[in-house]
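The values are calculated or read from the model by the stated rules, or taken from the named source; none is laboratory data. Just so we're clear, the structure is a prediction, and the values are computed from it rather than from any experiment. For neighbour counting, all protein chains shown are included, and Cβ atoms are generated from backbone atoms with ideal geometry for every residue, glycine included. Only protein heavy atoms, including side chains, enter the accessible area calculation; ligands, DNA and RNA are left aside. Shrake-Rupley method; radii C 1.70, N 1.55, O 1.52, S 1.80 Å.
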Amino acid sequence: MTDPQLVLTERVQQALAAAFGTEYSDADPLIRPSQFADYQANVAMSLSKRLRRAPREVAQEIADQLTGRAEGALDEPFPGTVEVSGPGFLNITLSDDWITEQAAEVLADPRSGVAQTASPQTVVVDYSAPNAAKEMHVGHLRTTIVGDALVRVHEHLGNKVIRQNHLGDWGTPFGMLIEHLLDIGEETAVAQLEAGEGNAYYQAARAKFDTDPEFNKRARARVVTLQAEEPETMRLWHIFMDATVRYFNKVYTQLGVTLTDDDIAGESMYNHMLAQVCDELQERGIAVVSDGALCVFPPGFTGREDQPLPFMIRKSDGGYGYATTDMATIHYRVQDLKVDRILYVIGATQALHMSMLFASARMAGWLPDHVSAEHVQIGSVLGSDGKMFKTRSGESIKLLDLLDEAEARAAAVLAGRDYDEATRAEIGHAVGMGAVKYADLAVSHDSEYVFDFDRMLALTGNTGPYLQYATARIRSIFRKAGVTPATATGPIVLGHPGERALALQVLGFGSVVEEVAEGSAPHKLAAYLFETASIFTTFYENCPILKDDVEPATRASRLALCALTLRVLETGLDLLGVPVPERM
């Protein structure tokens with residue numbers, strides 16, 4: 001364990017048990033970074049009422065236990081100093097020797113202090129999930145980026161991750177979509193879908209469906225053959241889907257996300273389970289017929305006049321909806337995939353649906369207590385006017401067009417650099433995608449954010465390019481030194497406050513990664529990386545590394561700190577899915 005806050009939490013809890021009894025050993029020490037010391041523990045303030053003692057008196061007893069001054073105090077030396085301050089704060093300053101010892105361990109650890117979990121879980125991450133009947137737009141950006149970051153973090157910790165791209169690839173609209181494909185010809189349809197013109201395709205089919213009685217009749221008949229999985233209809237459905245997925249894959253490749261065709265688990269996958277879902281729920285009395293529809297009424301959900309809200313499993317016309325498919329999905333993931341945890345990376349607007357889904361599945365026993373199901377709510381992407389991000393004409397912006405523009409703008413920022421065209425394009429791609437992804441991940445996933453290219457691509461502030469530039473600058477130091485980061489092994493010594501602050505900062509990397517996995521909070525890793533890069537900048541500006549007058553031992557130590565910082569930044573950015581160019 002290298003994270004100072006975790007180490008101090010454990011030591012303070014031991015002191016609480018020794019001073020006041022084991023019933024106090026699980027109290028939160030309330031340890032936070034402090035401007036007066038390295039950390040401040042505020043637990044004495046919170047325990048004083050419970051103990052019926054003055055906060056400062058409680059704090060002094062804890063300090064005496066930590067530093068060995070109390071009778072029967074802990075034998076293990078405390079890794080620093082403790083002072084009681086104000087009405088009862090504990091100011092804790094870690095020793096330089098302890099910090100260097102821990103930093104050396106992290107430097108020698110190829111995982112930079114990120115421990116693999118002792119009890120690996122099977123985790124399903126349900127993310128991206130575009131609708132096959134529509135083109136991908138900026139609304140799919142966040143579910144894709146946040147979901148992929150969570151996948152990367154869980155895999156890095158040693159969990160078994162099952163990616164699930166729950167495409168909207170089934171249902172009544174496919175009757176008219178297939179008939180439109182026949183009207184315009186397979187080759188024309190494939191070209192249009194592969195180009196990402198799904199909206200235009202859908203709108204043309206819909207217009208005919210609404211205005212042409214003959215087409216409407218054919219489309220309705222096609223739905224029947226689709227539901228019966230008639231071979232020719234299924235052949236046409238596959239042509240439509242294969243072309244659509246090829247377009248999705250262009251987006252995924254450009255974004256650099258880890259989804260593949262093997263991860264597709266669309267609505268069609270569960271089609272054969274839906275009738276059984278309804279029958280079982282009805283037979284067991286969990287679902288009942290209400291106004292002709294089959295519904296579950298999970299407790300605690302009410303609408304107008306406190307009437308119970310229905311979770312509709314089968315419509316009054318016999319059709320199925322999202323609720324049916326989602327219930328089948330949970331049943332499959334728990335029974336067949338044997339999952340421990342399911343993360344649904346889905347829009348915040350679906351909060352009620354997801355809550356009712358989880359409640360209904362638990363009523364049915366399909367979501368047992370040992371399985372965690374969580375809605376990772378995704379907030380909206382807004383334009384500069386504070387409204388949903390769209391074109392000036394009010395249309396949704398195609399995601400591929402948005403990504404192309406990000407790359408073009410990034411390349412323009414790099415226009416003055418002395419790179420050949422291929423290198424500039426490579427760096428432009430990394431910076432453009434990094435800017436878009438980091439801007440998304442730097443804010444809490446359930447918050448809205450404004451899509452602003454100028455802010456995203458800035459080389460200063462909390463942006464992807466700033467962090468990418470920090471890693472490029474460190475690599476430049478090693479090129480100038482004529483050594484590689486792998487050979488910079490120290491030993492680390494601390495003389496300047498900038499060295500100490502940087503060494504202390506990198507010790508917290510492992511616990512931050514664990515916190516991201518536990519709380520599905522990639523923005524916490526982004527915040528940590530930005531703080532690390534900022535502290536490195538201060539170190540770089542105040543602690544010369546390659547100047548002639550720098551002592552060899554000091555140079556070796558500072559190069560080791562550079563290597564450790566580089567590894568933390570590169571690993572952290574990779575976990576967020578942000579590419580790191582060698583140069584900028």
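The fraction of accessible area contributed by carbon and sulfur in the chain is 50 percent, rounded to a whole number (1.4 Å probe; ligands and nucleic acids excluded).
Just to confirm the number: angle between the C-alpha axis of helix 399-413 and the first principal axis of the chain, 0 to 90 degrees, nearest 10? The two axes meet at around 40 degrees. Computed from the C-beta positions of Asn249 and Glu515, the FRET efficiency with R₀ = 35 Å rounds to 0.60. The distance from the alpha carbon centre of the range 120-139 to that of the range 234-311 is 13 Å, rounded to a whole number. Assign one of three labels to the range 202-257, namely rounded, prolate or oblate, based on the Cα gyration tensor with a ≥ b ≥ c the square roots of its eigenvalues; rounded applies when a/c is under 1.5, prolate when it is not and a/b is larger than b/c, and oblate otherwise. Oblate is the answer for the range 202-257, as a/c is 1.5 or above yet b/c matches or exceeds a/b. Each Cα pair under 8 Å and six or more residues apart adds its separation to the average, and for the chain the resulting relative contact order is 15 percent.
Using a Förster radius of 35 Å, what is the FRET efficiency between Asp109 and Asp385 based on their Cβ-Cβ separation? Nearest 0.05, please. So, using R0 = 35 Å, E works out to roughly 0.15. Rolling a 1.4 Å probe across the protein heavy atoms gives the chain an accessible surface of 45 Å² per residue. Rounded, prolate or oblate: which fits the range 316-371, taking a ≥ b ≥ c as square roots of the Cα gyration tensor eigenvalues, rounded meaning a/c under 1.5, else prolate when a/b beats b/c? Taking the square roots of the gyration eigenvalues as a ≥ b ≥ c, the range 316-371 is oblate. With a threshold of 20 Å on the Cα-Cα distance, the over-threshold entries among Lys338/Lys524; Lys134/Lys250; Lys134/Lys398; Lys134/Lys160 are Lys338/Lys524; Lys134/Lys160. Legend: calculated FRET efficiency, Gln14 to Arg362, from the Cβ-Cβ distance at R0 = 25 Å, rounded to 0.05, equals 0.05.
Each label was represented as a point 7 Å from its Cα along the Cα-to-Cβ direction; for Ala207 and Ser25 these points are 7.4 nm apart.
Using only side-chain charges placed at the Cβ, +1 for Lys and Arg and -1 for Asp and Glu, the dipole size of the chain relative to its Cα centre rounds to 700 debye.
In this simple spin-label approximation, Ala275 and Arg583 carry label points 7 Å from Cα along the Cα→Cβ vector, and these lie 6.5 nm apart. Taking the Cβ of Gly379 as the center, what net charge do the other residues with Cβ under 15 Å away carry, scoring Lys and Arg +1 and Asp and Glu -1? Local net charge: -1.
Calculate for the chain the 222 nm mean residue ellipticity that helices alone would give, adding -39,500 (n - 2.57) per DSSP H run of length 4 or more and normalising by residue count, nearest 500 deg cm²/dmol.
Theoretical 222 nm ellipticity from helices: -17000 deg cm²/dmol.
Between helix 55-67 and the chain there is an angle of about 80 degrees, using the helix long axis and the longest principal axis of the Cα atoms. Placing dummy labels 7 Å off each Cα toward the beta-carbon, the span from His238 to Asp97 is 7.2 nm. Angle of helix 96-108 to the longest C-alpha principal axis of the chain, folded into 0 to 90 degrees and rounded to 10: 40°. Based on the alpha-carbon gyration tensor of the chain and its eigenvalue square roots a ≥ b ≥ c, which shape applies: rounded if a/c is under 1.5, prolate if not and a/b is larger than b/c, or oblate? Oblate, since a/c reaches 1.5 and b/c is not below a/b. Computed about the Cα centre, the dipole magnitude for the range 384-496 is approximately 480 debye when only Lys and Arg (+1) and Asp and Glu (-1) carry charge, each at its Cβ.
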